[in-house]
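Structure first, commentary second.
The values are calculated or read from the model by the stated rules, or taken from the named source; none is laboratory data. Computed from a predicted structure; not experimentally measured. Glycine gets a Cβ as well: all are built from the backbone with ideal geometry, and neighbour counts include every protein chain shown.
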Amino acid sequence: MRRSQRLITFIAILQSILCLAHFFLYETWTFSPVTGHTVGPFWFRLALLVLSVSFVPASLLAFRYTNVFVRVFYRIAAVWIGLLSFLVIAAICSWPVFGIAQMGGLKIEFHQVVEVLFGLGVISGFYGVVNASLTRVTRTTVRLANLPEAWRGRKAALISDLHLGPVRNGSFLRRIIAKVLDEKPDAVFIAGDLYDGTAIDAASAAKPLKQLTTAPRGVYFVAGNHEQFHDEGEYLQAVKSAGVRVLTNEKLEVDGLQIAGIPYAHATNPRTFTSVLRDLRPAPDRASILLTHAPDYPELAEAAGFSLQLSGHTHLGQFIPWSWIATRIYKQFVYGLSWIGKMQVFTSSGAGTWGPPLRLGSNPEIVVLQFD
């Protein structure tokens, strides 16, 4: 009961924020310094009202159903929420820009400023939609101490955060897998959030993963937070059935390289994470890789003696202003290759998107790691 109450409270707060954001857009668009507030046309007010209450019900439906209507409804609502972020920023900027222009003696109307900035917001949003569909291949060289000879010069692919669900589905996964296979990796690491956590035929969606099992040194998966929203069993079984090794607080040795995996639920709490790491402590005379969804506590993994941590989760914020927030939270571990002590961390921006299918200032990617 307590959980349902928290959920209702969260939904109420989210819907209130969305309504306030739309009200702010309306007030900015219809404001005039000369005549004051004007009333916009009825169709405009109705459109904003419908859009302001679209995303929450679309999300709730997506968690229960997976038909064409729900997918279309969710995609429209999700794209609009992304555009809303840019339009709110444009609305906020309109006021100081107009004020500075007035102080500088420029004779421009407030609504002209609003039109220009809103136009830029819309263009930025639609560019973000296009950019989110263009998956890149990011290449990086990783030098690990005590790397077994069998792994020198070899390649591994890292993919994360595909978020298969109402926006992206099996066809998207097949395109990602085709790009991975073009790189001919020796191993593939999947760092969680393969699924979005919404309603989906998990087994059918995971079937394309079977193509990855041609990687000679295996395919490895750890659960992310979206697999663990509810019961993760259906998702993990679907991944296993596709021939992928699911790592749940365990360590393997593959041609001398130690590979360990800790799912999100056991890595998000520092005490639990430390306990699991203690059990998995790698041998110091051989290189080791830790696969875990989020780069939350890399200092604990470094203290446990791992050589390399592979993660995703951050999406590099996807777009402004969330990219600023993500960077503030994860600092140097928000994206790319970085060091902490003797351990390297690579955080991928992910291949898919969560919520709004937009990316601006971050690119969807497949990471190819070259071991040296």
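The figures follow:
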read-out	value
So residue 39, is it under 22 Å from the mean Cα position of the chain (by Cα) and farther than 24 Å from residue 199 by Cα	no
Lone qualifier among 268, 248 - being farther than 17 Å from residue 342 by Cα and touching a strand residue (DSSP E or B) at 6+ places or on another chain (Cβ under 8 Å)	248
Subset of region 186-201 that is more than 19 Å from the chain's Cα centre (by Cα) and surrounded by fewer than 24 Cβ atoms within 10 Å (Cβ to Cβ) - its residue that is modelled with the lowest pLDDT	201
Qualifying residue in region 90-111 (condition: of a type in the set (Phe, Trp, Tyr) and either assigned by TED's automatic domain parsing to the domain that holds residue 360 or modelled with pLDDT of 95 or more (or both))	no
Criterion: under 30 Å from residue 68 (Cα atoms), touching a strand residue (DSSP E or B) at 6+ places or on another chain (Cβ under 8 Å) and hydroxyl-bearing (Ser, Thr, Tyr) - qualifying residue of 220, 127, 195	195
Qualifying residue in region 247-255 (condition: surrounded by fewer than 24 Cβ atoms within 10 Å (Cβ to Cβ), aliphatic (A, V, I, L, M) and either farther than 26 Å from residue 282 by Cα or outside the structural domain of residue 308 (by TED's automatic domain parsing) (or both))	no
Residues of region 1-58 satisfying the condition of being farther than 17 Å from residue 77 by Cα and β-branched (Val, Ile, Thr)	8, 9, 13, 28, 30, 34, 35, 38, 39
Condition broken by residue 156, with the remaining ones in (1) more than 18 Å from residue 312 (Cα to Cα); (2) not in a loop (DSSP other than H, G, I, E, B) satisfied	(1)
Residue that is surrounded by the fewest Cβ atoms within 10 Å (Cβ to Cβ), among those in region 150-163 that are touching a strand residue (DSSP E or B) at 6+ places or on another chain (Cβ under 7 Å) and among the charged types (D, E, K, R)	152
Residue under evaluation residue 153, criteria (1) more than 22 Å from residue 206 (Cβ to Cβ); (2) within 16 Å of the chain's Cα centre (by Cα), criterion not met	(2)
Flag for residue 144 being closer than 23 Å to residue 371 by Cα and part of a loop (DSSP other than H, G, I, E, B)	yes
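Residues are listed down the side, and each one gets a yes or a no for (1) at pLDDT 95 or above; (2) surrounded by 21 or more Cβ atoms within 10 Å (Cβ to Cβ); (3) among the polar types (S, T, N, Q):
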{"site": "134", "(1), (2), (3)": "yes, no, no"}
{"site": "139", "(1), (2), (3)": "yes, no, no"}
{"site": "144", "(1), (2), (3)": "yes, no, no"}
{"site": "148", "(1), (2), (3)": "yes, no, no"}
{"site": "165", "(1), (2), (3)": "yes, yes, no"}
{"site": "171", "(1), (2), (3)": "no, no, yes"}
